[in-house]
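Any read-out appearing in this document is the output of simple, stated calculations on the displayed coordinates, not a laboratory observation. Please read all numbers here as calculations on a predicted model, not as lab measurements. Heads up, the Cβs are rebuilt from the backbone with ideal geometry, glycines too, and the neighbour counts pull from every protein chain shown.
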Amino acid sequence: MNFSIDKQWIKSFLLMIISVIIMGFCVSLLVLVNMGTDPCSAMNYGIAEQLGISFGTYQFLLNVVLLLFVIKYDRSLIGLGTLGNMILVGYSCDFLSWLMHDVCSVPYDIPLKMRIILLFPTLIVFVIAAACYMNSGHGMAPYDAVPFIISNKIEKRTNKNPFKFARFCLDLLGTVIGFIVAGGESGVITVLMVVTLSPTISFVGNIFQKHGIGSK
């Protein structure tokens, strides 16, 4: 891994760390809202419950398996952000859930009014945080790297980069698995994230390029 630690590197590194922790907190809040989470988390929550392990642990194990795919096809997408996402998103979610329910005694079934108040701000913050971490230049989680690898391979053959479509298909697959196979946290928010996440990633990436933040 070749890099120089300067102010720009430190800035983008801190952005990545903060972003993945915020993502984990948002997943915990979305589970509390009970209207769905992001597609990957929806799938992982359901499978983790069936296996009787924590969400953070299963999310880490799944990404370890997907990491083998990324190592084989595009190691340039691996960085400190890969480990940051693999570890911090799931366990940050587990930590906030523990803090809310076990320490602060927040009920699992909160009133509908409170769920609605939390809903859209949490969704917006999660999507922006996810886009920031993926464009920070420090690598990305194996799950997030898969559509980049697929779209880059297609671009080499067709001169067209179908990242948005590849990301949409992967998120749709995660949603289907979470809803039908695993019985996870799929819902209206999951559908909204399938639609909004890939264009937001591209939009934030363009902003970062203009301001010289991150690199791939």
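Basic side chains Lys and Arg get +1 at the Cβ, acidic Asp and Glu get -1 at the Cβ, and with that the dipole of the stretch 10-210 about its Cα centre reaches some 860 debye.
For the peptides 153-162, 131-140, 20-29, the ranking by mean Cβ contacts within 10 Å, running from highest to lowest, is 131-140, 20-29, 153-162. Of (1) 11.8; (2) 15.9; (3) 12.4, which one was derived for mean projected area of the Cα convex hull in nm² from the structure shown? Among (1) 11.8; (2) 15.9; (3) 12.4, the one calculated here is (3). Remark: for residue pairs Lys7/Lys210; Lys72/Lys153; Lys72/Lys156; Lys11/Lys153; Lys160/Lys210; Lys11/Lys210, the C-alpha separation exceeds 24 Å in Lys11/Lys153.
Kirkwood Rh, the stretch 12-122, all Cα pairs: how many Å?
On the way: mean 1/r = 0.0671 Å⁻¹.
Result for the stretch 12-122 stands at 14.9 Å.
So for the chain, taking the charge dipole from beta-carbon charges (+1 Lys/Arg, -1 Asp/Glu), which of Gly139, His101, Ile21 sits furthest toward the positive end? Toward the positive end, the furthest listed residue is Gly139. May I ask for the Kirkwood hydrodynamic radius of the stretch 94-211, worked out over all distinct Cα pairs and given in angstroms to one decimal? This gives a value of 16.4 Å.
Relative to the longest principal Cα axis of the chain, at what angle does helix 7-33 sit, 0 to 90 degrees, rounded to 10? Computed tilt is about 30 degrees.
Here the residues Asp109, Asp74, ranked from fewest to most Cβ neighbours within 10 Å of their Cβ, fall in the order Asp109, Asp74.
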